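In what follows, a single structure is set out as structure tokens and then discussed.
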Amino acid sequence: MENRKSRLFLVMLFACAVSLIATGAFAGIDKGSVDKCKTCHEEVVNKFLAGSHHGKVWAKGDAGQQYSCETCHGPGDKHMEDNSRESIISFGKKSAQSAVEQSKQCLNCHSKSGELAFWDMGKHVKNDVSCASCHTAHDAKPQPANVTETCLSCHKDVKKDLGKQSHHPIVEGKVSCTDCHNPHGALSHGMIRADNNNQLCYKCHADKRGPYIWEHDPVEENCNTCHTSHGSQHKGLLKERGPNLCQNCHQFGRHPGTIYNGNTGFAGSALSNKMIAKNCLNCHNRIHGSMAPHNPAQVGNSGKFFLR
Amino acid sequence: MKTNKVLPIVAASLLLQSTTGSAEFKLGNFDLTAGVGVGFQLTNGAENQSGYFTKYRDYRDSFLGNAWFTAESEGYFMDFAANRIGLDDQSYNLNGGTFGGVKYNLFYDSLIHNYSVGNKSFFTGVGTGSLVFDDAVVGSTTPTNADLWPTSFDYSTKTKTFGVKATYPASGNYYLTLGYANVDRDGIRPSLAGNLGTSPGGGAVELPEPIDYKTNNFMATVGYRGDDFLAVLDGTLSNFDNNINFLNWRLPGTAATTTASVTSLAPDNRYWTLDGKTAWHNLPLNSTFAAKLGYSRITNSEALPTTIGNQTGTAVDLTNVMSDTTFNGDYRYGSASVAYSSNPIEKLDSKVFYNFLRKWNKSDQIAYTGASSATNKLFDYYKHNAGVDVGYKLPFDTKIGAGYEYLKVHRNREDAAATSDGIISVEAKNNSLDFLTAKVKYQHLTRTSEFENSAVGTDASDNNYVKRFARFFDATDKKQDKAALEVDVMPIEHLDLGLGASYQFSKYNEDLLIIGRTKDTGREYFADLTYEMPKTFRFNAFGYFGMNTFLSNHWAQGASPNNLDITLPATDKNYLWTGDLEFRTWGYSLGLDIPVIDQKWDIGVGFKQDRGDGRASFVSTRPTAVDNPTVTEYDDYLVNTLTAKTRYQFTDELGFSLGYIYEKRTFEDIAYDNYLYVSGSTSARNYLTGAGADNDYSAHVGYLVAEYRF
């Protein structure tokens, strides 16, 4: 009940704030320029002015800077003479302009966004991805209707991972690519929205942050030592399953060095709890770190070995 | 999950499309369009067959409801969407603001995570921090008869996130963004712990872990943006509170009056970050300079258990053996990044960058003294990363690129004090044909490790001696080659074909006899086809295949005395063996959408199949041969999904949608096949609750929704 009351209060607060704040910083439409384009593109222009985000922002203005089709598409006089694609700035795969030239048109207005601060540093600009590759300025909403589908239209290698048995809820619509990645550029590897992998994962997986008394070093350094982010054949988004994943590093003592073969399942002649269910994690379950004490008299129930 | 999420999201609507366009009606000064959808979904009860079917979805017999509206006035706009109202995967999103001015977003999202259904336990108190059992009910202090277990439950958690965000103003040189998100997560998740308290050799007990988390996230951004200069200050604060930090549970085999075992759960923490970012654009030589400084800290203060039960349930008082009964955790991270990109001439682009990251561990060290003393080690590291990328445009719409990256990591780890990576990459891309784009990339990595254990252990009977040969794959010598090829073909209009292949090959400690991973490979292929006849049909197909292999050496060790020198001849007690693992995944999907009557009636059908297949085989040098049969069922799964839907618009306002989903999953894995709740011998008995054993299902889902647009 308390949560609902506080949420309702916040909603009302925002509604009041919006009603009190009026900026009136709008611009107008250069109708003369627009009419030129209408001679051939009437349907597109009308739809843009009436139905697109840009059209409505520009239209709800007063005297001041004027916008028109030429704001984005460049001067249209030559295009009216020769009707060629090359004589006008267009957007998309068939454009006569490079991706950088196309993006420049958008950045004339939108470069002042904090989201685009590192556009020049990102992988997208390096790979000739332009604003128009993902956004359509003529649409009602400038953001892609389905962010995940937009990303997967190019990143098909990721698409195959999303259907594997273990995956983040991306296809279910609960997590999108932009929750973890900044498509507009970042200084981090993979354009992730954090300085490193772990700090990105901690944004949602707060229960894994620690700090722990007993740390698991490779876990603390990089979640991707053991996990993969998009999808995996193995449960828990693991890159390799246990016990083999654990045995790749842990060789000391008897049971890490033992072969857990086809006889060690439930129906096998040598059932082993290092193979059934969660294998090594049947006992060493606190694998991300532990706060349990160490019992010097009996190490078997010690947090030091992630047993508790 | 949207922890710390304050960005606007429009959740996928089952059916409704939120459209704008000509206003449908006026409400005061607002032009309004709105719609609602009501209906129901029915299933065959598959949600009770397997948690996998409803892993992130709420599929049960229920009503369906969606709603949306868009509103605009002279200076204001508002968009609202509500999806799957009342269900465990419901979502609500409200965006609004003034054109060119303040913008805000409010959202609520519910995420269900079903791990497993139909589980049972001898414990009572499931969902709390105390698990006990009644000998009289379960038959004994060792509850080996699962038929007598009294508690039935599902492993499931629900995460509810509420968030708000506002940016003021949207235009102008300065801006301020504030955001808040509250995340509640509760439920039960499977956990496990060693039984009998002895290791190795003891059994395991599956424990229902109570989840009762609350996270409050705050964010603030202040920015200045000029024509060529931008500066931003970002701050976040996240408080994570776990209502149950320790799980107390009665060890099977101990009396009811004995002291419980204690398993630690997620500790509370406070996490804050502060980042300063700046960028200068339009510098000489068509350049941009960007820099970022960041600092973050994760802290907690936790009272530690001072009394725990041992393997007989006897209370062990640790007060006098631990140096402190409160742990103060403190992780600090500092980061710095600079990058300079330039297009000095039209055909050349370049970038140089440097990143630094350091972790300081300022947590308490708690010393436990006794027969086997231990003090927690504090793990720190720091990383230097630098690189250069260059690209050049050649004739015929060809672009080539090359890059070099260096990464040095220092870590206070026992095995490897530092690793150095050198990564070389080259790539080429061609667009010379209107209908064809091709890209090829190659990368080579060489990693060298400063191995620290080359002289540990006195002799081959010393348990530490084997560390001389053990290499951990994440921080050891490594050579890796990666290659990738992608082709996009559009031979005719509306036909789009994408093909891709990639290969990865890694070798660890080549030419050295070690134990640990020695090699891993990855191969992936995909094909993606879309063909569309506008206003007639749209067909898409996707197929993929992937294979990963892992090869590793191991040294079997019998009971002491041991021979831990792997270079010596094998004995029946100590010998070298190799694990050879192979995992394959493949699948395909087909989809066809047909607008039978334009703007009035459309139908769609689809089929999807995903498969996984794994195996593990072993080669042993043991002198007396022992059968080591290959594991043939190793994450083997098959999922078939069939979908059909139709949408019919009676009038401009009224329409309905009808849909059907069939999905069948089978899973075979040595770890779950022939599942037993109780297994193992008396001294190594395992007690499980069924988590993850409900893998197979056959599901039918149908839905019908009527939509009305105002």
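The values are calculated or read from the model by the stated rules, or taken from the named source; none is laboratory data. Computed from a prediction, not measured in an experiment: that's the story for all the values here. In this analysis, Cβ positions are derived from the backbone assuming ideal geometry, glycine residues included, and neighbour counts consider all displayed protein chains.
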Can A:A117 be described as within 28 Å of B:N173 (Cβ to Cβ) and either within 11 Å of another protein chain (Cβ to nearest Cβ) or without any contact (Cβ under 8 Å) to a residue 24 or more places away in the chain (or both)? yes
For segment B:312-325, does any single residue satisfy the condition of being buried (at least 21 other Cβ atoms within 10 Å of the Cβ), closer than 30 Å to B:L237 by Cβ and at pLDDT 90 or above? no
Cβ-Cβ distance below 6 Å, separation of 6 or more or different chains: which pairs start in segment B:543-562 with a residue that is under 18 Å from A:Y260 (Cα atoms) and end on one that is surrounded by fewer than 21 Cβ atoms within 10 Å (Cβ to Cβ) and at pLDDT 95 or above? B:T549/B:T521; B:T549/B:E582; B:L551/B:K519; B:L551/B:D580; B:N553/B:T578
Residues being in a loop (DSSP other than H, G, I, E, B) and over 28 Å from the mean Cα position of the chain (by Cα) - total across segment B:247-268: 11
When only residues in segment B:326-365 that are among the β-branched types (V, I, T) and at pLDDT 95 or above count, which is surrounded by the fewest Cβ atoms within 10 Å (Cβ to Cβ)? B:T326
Can you pull out the residues in segment A:246-255 that are surrounded by fewer than 23 Cβ atoms within 10 Å (Cβ to Cβ) and either more than 9 Å from every other protein chain (Cβ to nearest Cβ) or not in a loop (DSSP other than H, G, I, E, B) (or both)? A:C246, A:H255
For the subset of segment B:423-456 comprising residues that are more than 25 Å from B:L407 (Cβ to Cβ) and polar (S, T, N, Q), which member is farthest from the other protein chains (Cβ to nearest Cβ)? B:S432
Show the residue pairs meeting these rules: Cβ distance below 6 Å; 6+ apart or different chains; first residue within segment B:72-87 and more than 11 Å from chain A (Cβ to nearest Cβ) and more than 25 Å from B:G101 (Cα to Cα); second residue assigned to a loop (DSSP other than H, G, I, E, B) and not aliphatic (A, V, I, L, M). B:L87/B:D58
Being part of a helix (DSSP H, G or I) and either modelled with pLDDT under 90 or more than 17 Å from the chain's Cα centre (by Cα) (or both) is the filter here, so list the residues in segment A:124-136 that pass it. A:V125, A:K126, A:A132
Got a number for residues in segment B:120-141 being of a type outside the set (K, R) and in contact (Cβ under 8 Å) with a residue 60 or more places away in the chain? 14
Give the residue that is surrounded by the most Cβ atoms within 10 Å (Cβ to Cβ), with candidates limited to residues of segment A:203-233 that are closer than 30 Å to A:D157 by Cα and of a type in the set (S, T, Y). A:S232
Go through (1) polar (S, T, N, Q); (2) closer than 21 Å to A:C37 by Cα; (3) in contact with a helix residue (DSSP H, G or I) (Cβ under 7 Å, 6 or more places away or on another chain) for A:T71 and report which single condition fails. (3)
Which one of these does B:F240 not meet: (1) assigned to a strand (DSSP E or B); (2) farther than 26 Å from A:H205 by Cα? (2)
Can you tell me which residues in segment A:95-113 are assigned to a loop (DSSP other than H, G, I, E, B) and in contact with a helix residue (DSSP H, G or I) (Cβ under 7 Å, 6 or more places away or on another chain)? A:S95, A:A96
Taking the options A:L49, A:L116, name whichever one is in contact with a helix residue (DSSP H, G or I) (Cβ under 7 Å, 6 or more places away or on another chain) and farther than 29 Å from B:A279 by Cβ. A:L49
Does B:T448 meet the test of being surrounded by fewer than 17 Cβ atoms within 10 Å (Cβ to Cβ), under 34 Å from the mean Cα position of the chain (by Cα) and within 30 Å of A:Q251 (Cβ to Cβ)? yes
Among the candidates B:D227, B:D241, single out the residue that is more than 17 Å from B:K292 (Cα to Cα), within 32 Å of the chain's Cα centre (by Cα) and within 10 Å of chain A (Cβ to nearest Cβ). B:D241
Subset of segment B:574-587 that is free of Cβ contacts under 8 Å to residues at least 40 places away in the same chain and surrounded by fewer than 17 Cβ atoms within 10 Å (Cβ to Cβ) - its residue that is nearest to B:R615 (Cα to Cα): B:E582
Return the residue satisfying two criteria in turn: it lies in segment B:602-635 and is among the charged types (D, E, K, R) and either over 26 Å from A:L238 (Cα atoms) or at the interface with another protein chain (Cβ under 9 Å from one of its Cβ atoms) (or both), and of such residues it is surrounded by the most Cβ atoms within 10 Å (Cβ to Cβ). B:D635
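Each row is one residue, and each column tells you yes or no for (1) closer than 28 Å to B:N300 by Cα; (2) within 7 Å of another protein chain (Cβ to nearest Cβ); (3) of a type in the set (F, W, Y).
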position	(1), (2), (3)
A:R241	no, yes, no
A:G257	no, yes, no
A:G268	no, no, no
A:C283	yes, yes, no
A:I287	yes, no, no
A:A292	yes, yes, no
A:L307	yes, yes, no
Single unsatisfied condition, A:C177 versus (1) touching a residue at least 12 places away in the same chain (Cβ under 8 Å); (2) facing another protein chain (nearest Cβ under 9 Å): (2)
Please give the number of the condition B:T651 fails out of (1) within 14 Å of another protein chain (Cβ to nearest Cβ); (2) exposed (fewer than 15 other Cβ atoms within 10 Å of the Cβ); (3) over 37 Å from the mean Cα position of the chain (by Cα). (1)
How many residues does segment A:130-166 contain that are among the β-branched types (V, I, T) and within 12 Å of chain B (Cβ to nearest Cβ)? 3
Within segment B:493-510, does at least one residue satisfy the condition of being in a loop (DSSP other than H, G, I, E, B) and over 29 Å from B:F583 (Cβ atoms)? yes
Failed condition for B:D459, given (1) surrounded by 14 or more Cβ atoms within 10 Å (Cβ to Cβ); (2) charged (D, E, K, R); (3) away from chain A (no Cβ under 14 Å); (4) not in a strand (DSSP E or B), with all others met? (1)
Selected residue (criterion: farthest from B:A428 (Cα to Cα)) from residues of segment B:472-498 that are surrounded by fewer than 17 Cβ atoms within 10 Å (Cβ to Cβ) and modelled with pLDDT of 95 or more: B:K479
For a quick check of your reading of the model, give me the residue pairs whose first member lies in segment B:283-312 and is closer than 30 Å to B:T258 by Cα and more than 7 Å from chain A (Cβ to nearest Cβ), whose second is surrounded by 20 or more Cβ atoms within 10 Å (Cβ to Cβ) and polar (S, T, N, Q), with beta-carbon atoms closer than 9 Å and at least 6 apart or on different chains. B:G309/A:N301; B:G309/B:T254; B:G309/B:S261; B:T312/B:T254
When the residues of segment B:547-573 are narrowed to those that are outside any loop (DSSP other than H, G, I, E, B) and more than 7 Å from chain A (Cβ to nearest Cβ), which ends up surrounded by the most Cβ atoms within 10 Å (Cβ to Cβ)? B:N553
